[in-house]
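Beneath this line is the structure, given in structure tokens, with notes to follow.
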Amino acid sequence: PDLPAVWGSAALAAAASAGGVEALARAVGIPPDISAVVAPRVEHKLEREPVEDLRIDFEDGYGDRGDDVEDADVVRAAEHVAAAIDAGTATPFVGIRFKSFEAATRARGIRTLDLFVTALVDRGGLPDGLALTLPKVSTVEQVEAMADVAAALERAHGLPDGRLRFEVQVETPQLVLGPEGVAPVSRIPHAARGRAAGLHFGTYDYTAALGIAAPHQSLEHPAADHAKQVMQLAVAGTGVRLSDGSSNVLPIGDRADEAWRLHARVVRRSLERGFAQGWDLHPAQLPTRFIATYAYYRDGWTEASARLRHVHDRTAGAVLDEPATVRALAGFVLRGVQCGAITPDEVEAATGLDAPSLAAHASPRRTTSGPGRPATDEEVP
């Protein structure tokens, strides 16, 4: 239950070993003026909420320890989650990654999922931010089966229809390109029948399956970029979130400085390509996760706020912003506020927009009509 606090303390200690958060920011290439602004915000974040989204791993990181051991560990994991919720120390999003629905592991994966959900229900209910991750999906039928399993669990526990949603890890080539030359991943939002919460890229399984040697397996590899661009197209307009994968080069030991620079670079790169989330594997990666993220939003803040001020005041600026661009500008600023890089007071002072107005500009007159399909303007009241 105290894992986030433990990781936050370890993250701050790692940054201190580099001379502090501001010194680390400069070391990974953040300009001094931006470093000075983001450093106290990152320190506050690491003290208050160092982990936003936590997955307890019962897949590759856990392995096969026998059914009795895994059964006990799953129930204990659920009890720890419930205890963290009771203590107010739980992360906003928390859940498990269970074993895949490939033939060899599907029975174990379903049993683990069942035990986890059942234990949480028995302990008082499911957390609002429950996150369930289905890994190594190789066929759309596995997504359909997961939707069936979720529906069965809802019926068994008297949960509302649609309460159990799940993430799909895209880490097999078969999901990106099928034998007919189509992209099966594009069918996931529809096959999940409204239950798909996100697509998460699996860096190492995917690149290994393509025969890419271990030293070159990376979020930056062209093969990884191709897969992520297909994912991006597959869920455009559906409301399904995207997450990039992880970097396994850890900032520890003699090569810590190099690893921090790499991590800050790939975090920034993901943000620039439209992936607002990613996986981290070690507490020492958290400082550069937030340094790079906050710097990304601070870098774009001056121009975005000036253009939104013109929108608010109905005046002409140097850029002709059409409605789609206004949505993108407002969405950029809104995400900056939500992550802590920009404050609501800054937004109102610079743009004239309060929080509801900013949100309205980011998502104007949008509803969802049917699972995974955005409504047209004609369908919106």
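The values are calculated or read from the model by the stated rules, or taken from the named source; none is laboratory data. Quick caveat, the model's predicted, so the values are computed rather than measured. Because the Cβ atoms are built from the backbone with ideal geometry, glycine has one as well, and the counts that use them run over all protein chains shown. Heads up: the accessible areas ignore ligands, DNA and RNA and are worked out on the full protein's heavy atoms, side chains in. Shrake-Rupley method; radii C 1.70, N 1.55, O 1.52, S 1.80 Å.
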Matching option when the condition is more than 18 Å from the chain's Cα centre (by Cα), surrounded by 17 or more Cβ atoms within 10 Å (Cβ to Cβ) and without any contact (Cβ under 8 Å) to a residue 60 or more places away in the chain, among Leu219, Leu250, Leu210, Leu242 | Leu250
Residue in region 308-344 that is nearest to Ala295 (Cα to Cα), counting only those that are outside any helix (DSSP H, G or I) and acidic (Asp, Glu) = Asp321
From the set of residues in region 122-144 that are of a type in the set (S, T, N, Q) and open to solvent by 10 Å² or more (accessible area, probe 1.4 Å), which is nearest to Ala196 (Cα to Cα)?
-> Gln142
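Which of the residues spanning region 4-25 are outside any loop (DSSP other than H, G, I, E, B) and surrounded by fewer than 18 Cβ atoms within 10 Å (Cβ to Cβ)?
Quick first cut of region 4-25, residues outside any loop (DSSP other than H, G, I, E, B) only: 4-17, 21-25.
Passing the criteria: Ala5, Val6, Ser9, Ala10, Ala13, Ala16, Ser17, Ala23.
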Restricting the search to region 5-36, which residues are farther than 19 Å from Leu262 by Cα and acidic (Asp, Glu)?
-> Asp33
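State whether one or more residues within region 284-292 are under 27 Å from Ala236 (Cα atoms), hydrophobic (A, V, I, L, M, F, W, C), in the same structural domain as Ala18 (by the TED database) and in contact (Cβ under 8 Å) with a residue 40 or more places away in the chain.
First, pick out the residues of region 284-292 that are under 27 Å from Ala236 (Cα atoms): 289-290, 292.
Keeping just the survivors that are hydrophobic (A, V, I, L, M, F, W, C) gives 290, 292.
Pick out the ones that are also in the same structural domain as Ala18 (by the TED database) and you get 290, 292.
Imposing the further condition that a residue be in contact (Cβ under 8 Å) with a residue 40 or more places away in the chain reduces the set to 290, 292.
The answer is yes, given that some residue of region 284-292 is under 27 Å from Ala236 (Cα atoms), hydrophobic (A, V, I, L, M, F, W, C), in the same structural domain as Ala18 (by the TED database) and in contact (Cβ under 8 Å) with a residue 40 or more places away in the chain.
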What residue, of Val266, Val347, is farther than 30 Å from His190 by Cα, within 17 Å of the chain's Cα centre (by Cα) and either among the charged types (D, E, K, R) or not in a loop (DSSP other than H, G, I, E, B) (or both)?
-> Val266
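Residue under question is Val75, and the condition is that it be within 20 Å of Pro1 (Cα to Cα) and assigned to a loop (DSSP other than H, G, I, E, B); does it hold?
Values: within 20 Å of Pro1 (Cα to Cα): yes; assigned to a loop (DSSP other than H, G, I, E, B): no.
So Val75 does not fit the description; no.
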In region 76-107, which residue that is in contact with a helix residue (DSSP H, G or I) (Cβ under 7 Å, 6 or more places away or on another chain) and surrounded by fewer than 20 Cβ atoms within 10 Å (Cβ to Cβ) is modelled with the lowest pLDDT?
-> Thr89
Inside region 31-45, can you point out the residues that are over 16 Å from Ile342 (Cα atoms) and in a helix (DSSP H, G or I)?
-> Pro32
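Any residue at all in region 111-127 that is in contact with a Ser or Thr (Cβ under 8 Å, 6 or more places away or on another chain) and either outside the structural domain of Gly194 (by the TED database) or under 24 Å from Asp64 (Cβ atoms) (or both)? Please lay out each step first, then the result.
Here is the first cut: in region 111-127, the ones in contact with a Ser or Thr (Cβ under 8 Å, 6 or more places away or on another chain) are none.
No; the residues of region 111-127 include none that is in contact with a Ser or Thr (Cβ under 8 Å, 6 or more places away or on another chain) and either outside the structural domain of Gly194 (by the TED database) or under 24 Å from Asp64 (Cβ atoms) (or both).
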Would you call Asp60 at pLDDT below 95, out of contact with any strand residue (DSSP E or B) (no Cβ under 8 Å at 6 or more places or on another chain), on the phi < 0 side of the Ramachandran plot and not aromatic (Phe, Trp, Tyr)?
-> yes
Residue count, region 19-56 (criterion: in contact with a Gly (Cβ under 8 Å, 6 or more places away or on another chain) and closer than 19 Å to Gly300 by Cα) = 2
Return only the number of the condition from (1) exposed (fewer than 15 other Cβ atoms within 10 Å of the Cβ); (2) touching a residue at least 12 places away in the same chain (Cβ under 8 Å); (3) under 30 Å from Arg165 (Cβ atoms) that Asp257 does not satisfy.
-> (3)
Long-range neighbours under 6 Å by Cβ, at least six apart or interchain, first residue farther than 19 Å from Asp53 by Cα within region 265-277, second among the charged types (D, E, K, R) | none
For residues that are under 27 Å from Gly129 (Cβ atoms) and out of contact with any helix residue (DSSP H, G or I) (no Cβ under 8 Å at 6 or more places or on another chain), scanning just region 170-199, find the one that is most open to solvent (accessible area, probe 1.4 Å).
-> His190
